[in-house]
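Following: one structure in structure tokens, then a few remarks.
The values are calculated or read from the model by the stated rules, or taken from the named source; none is laboratory data. Owing to the predicted nature of the structure, the values given are computational and were not obtained by experimental measurement. Every residue, glycine among them, receives a Cβ derived from its backbone with ideal geometry; neighbour counts consider all protein chains shown. For accessibility, only protein heavy atoms count, side chains too; no ligands or nucleic acids. Shrake-Rupley method; radii C 1.70, N 1.55, O 1.52, S 1.80 Å.
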Amino acid sequence: MIVIMKPNATAAEIGAVIRRAESLGVTTHPIYGDNRTVVALVGDLTRVSRESFNAMDGVNTTVRIQEPYKLASRTTRPENSVIDVGGAVRIGGPEVVVMAGPCSVESRDQIVETAIAVKEAGAKVLRGGAYKPRTSPYSFQGLGLKGLEYLAEARAVTGLPIITEVVTVETLPMVAEYADILQIGARNMQNYGLLHAVGKAQRPVMLKRGISGTIEELLMCAEYIVSNGNYNVMVCERGIRTYETSTRNTFDLSAVPVIKHTSHLPVVADPSHGTGYREYVPAMAKAAVAAGADALILEIHPDPDNALSDGRQSLSLTDFRKLMADLRRVAEAVDRVIDGEPSAEPVAQEETAQVA
Ligand code: PEP
Ligand code: MN
């Protein structure tokens with residue numbers, strides 16, 4: 001249930017609503033929107049009567065939330081959530097944010113070269129996996145801490161914030177030290193221990209849809225993170241498993257408008273994992289922007305054919321630059337913007353040398 005306060009409700013009136021709800025054994029989440037404050041009541045509501053809250057000073061009305069996810073629901077918060085990434089980038093606003101980088105961090109040179117290309121193309125966030133959840137235990141598992149250190153070097157060279165995956169609760173404190181955005185991968189969507197832990201972390205989170213996860217399950221998993229206190233959650237459509245074998249996954253583009261309709265959380269689209277083949281990535285990246293995605297996450301590589309993971313779906317740096325130009329035009333057509341000019345000036349190589 002949400003208690004919608006009157007526009008001029010005082011802090012004391014909001015406090016009284018919170019105290020009454022908590023005295024009934026319910027957890028409260030005050031949500032301060034641009035136009036209204038609501039207090040979301042979650043947990044066992046059997047002892048809560050709407051009438052008693054409706055009668056309280058400063059209360060406009062109460063509404064039962066029909067969806068099983070409460071805090072992530074658009075009924076609770078009608079405005080889009082906008083996530084501030086370290087003061088540098090805002091995800092969920094008018095700008096469509098492009099995040100790009102290799103599937104895995106492979107070496108210092110590989111990630112720095114890619115980061116410079118990401119920056120020069122006008123994308124805003126560098127991706128790169130240091131801890132890789134791989135289908136086979138014999139496949140490259142990532143460079144671990146060394147990979148995080150190389151990502152930090154690439155950030156120092158370019159100023160780009162970084163997104164990287166966290167795969168276990170044990171490694172979360174270390175990954176959070178380096179990451180500007182924590183990625184929860186598809187295989188961990190329902191790893192509830194990890195969801196609790198990132199819910200307590202002081203970092204934005206990108207939660208990827210599980211390989212066989214429904215949209216509702218994805219939003220319920222987001223709810224785990226938000227209900228633990230971390231409101232900076234974006235959800236990512238990365239394709240789901242179906243009977244279709246022409247693509248690696250079936251990129252469920254309709255998830256974008258569905259989630260935008262039912263939730264206020266920003267939606268990211270990952271056409272790289274969504275299709276699995278680099279020749280299909282540009283079409284689906286453009287389609288995702290047209291469909292209303294707030295951000296894209298793209299796999300790119302200086303030498304895709306020799307990448308240690310997901311080379312088949314990785315764009316070359318040249319193809320990525322071309323795609324960025326096309327994406328700008330699509331964004332404009334749907335009244336969005338891909339900010340950040342592609343730079344004419346290459347990022348100075350001396351800056352590379354300054355990195356400790
Ligand atoms: C990745 O981003 O490289 C990745 C492993 O993605 P997913 O969890 O969607 O498979
Ligand atoms: Mn990958």
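Restricting the search to the stretch 297-342, which residues are away from ligand 2 (no atom under 16 Å from the Cβ), closer than 24 Å to GLY239 by Cβ, in a loop (DSSP other than H, G, I, E, B) and open to solvent by 60 Å² or more (accessible area, probe 1.4 Å)?
None; the set is empty.
Kindly provide the set of residues from the stretch 183-205 that are more than 16 Å from ligand 2 (Cβ to nearest atom) and not in a loop (DSSP other than H, G, I, E, B), ordered by number.
Going through the stretch 183-205, the residues more than 16 Å from ligand 2 (Cβ to nearest atom) turn out to be 190-205.
Of everything in the stretch 183-205, those that are more than 16 Å from ligand 2 (Cβ to nearest atom) and not in a loop (DSSP other than H, G, I, E, B) turn out to be TYR192, GLY193, LEU194, LEU195, HIS196, ALA197, VAL198, GLY199, VAL205.
How many residues are touching a Leu at 6+ places or on another chain (Cβ under 6 Å) and either outside the structural domain of LEU207 (by TED's automatic domain parsing) or open to solvent by less than 20 Å² (accessible area, probe 1.4 Å) (or both) when one looks only at the stretch 265-280? Steps first, answer last, please.
Step one: filter the stretch 265-280 for residues touching a Leu at 6+ places or on another chain (Cβ under 6 Å), giving 269, 272, 278.
From the residues that got through so far, the ones that are either outside the structural domain of LEU207 (by TED's automatic domain parsing) or open to solvent by less than 20 Å² (accessible area, probe 1.4 Å) (or both) too are 269, 272.
Of the residues in that region, 2 qualify.
Hand me the list of strands (runs of 3 or more DSSP E) wholly inside the stretch 29-113 holding 3 or more residues that are small (Gly, Ala, Ser).
Details: elements: 37-42, 59-63, 83-85, 89-91, 97-101.
Per the criteria, no element qualifies.
Those residues that are under 16 Å from ASP109 (Cβ atoms), surrounded by 20 or more Cβ atoms within 10 Å (Cβ to Cβ) and away from ligand 2 (no atom under 14 Å from the Cβ), I need them from the stretch 120-154; list them, please.
Within the stretch 120-154, LEU126, LEU143, TYR150, LEU151, ALA154 qualify.
Under 6 Å between Cβ atoms, at least 6 apart or on separate chains: pull out the pairs that start in the stretch 104-115 with a residue that is under 12 Å from ASP303 (Cα atoms) and end on any residue that is β-branched (Val, Ile, Thr).
Filtered contacts from the stretch 104-115: ILE111/VAL105.
Looking at the stretch 39-55, which of its residues are surrounded by 18 or more Cβ atoms within 10 Å (Cβ to Cβ) and either over 36 Å from the mean Cα position of the chain (by Cα) or of a type outside the set (Val, Ile, Thr) (or both)? Walk me through it before giving the result.
First, the residues of the stretch 39-55 that are surrounded by 18 or more Cβ atoms within 10 Å (Cβ to Cβ): 39-42, 48, 53.
ALA40, LEU41, PHE53, listed by residue number.
Go through the stretch 86-111 and report how many residues are closer than 19 Å to GLY311 by Cα and either open to solvent by 10 Å² or more (accessible area, probe 1.4 Å) or not assigned by TED's automatic domain parsing to the domain that holds GLN141 (or both).
Qualifying residue count, the stretch 86-111: 5.
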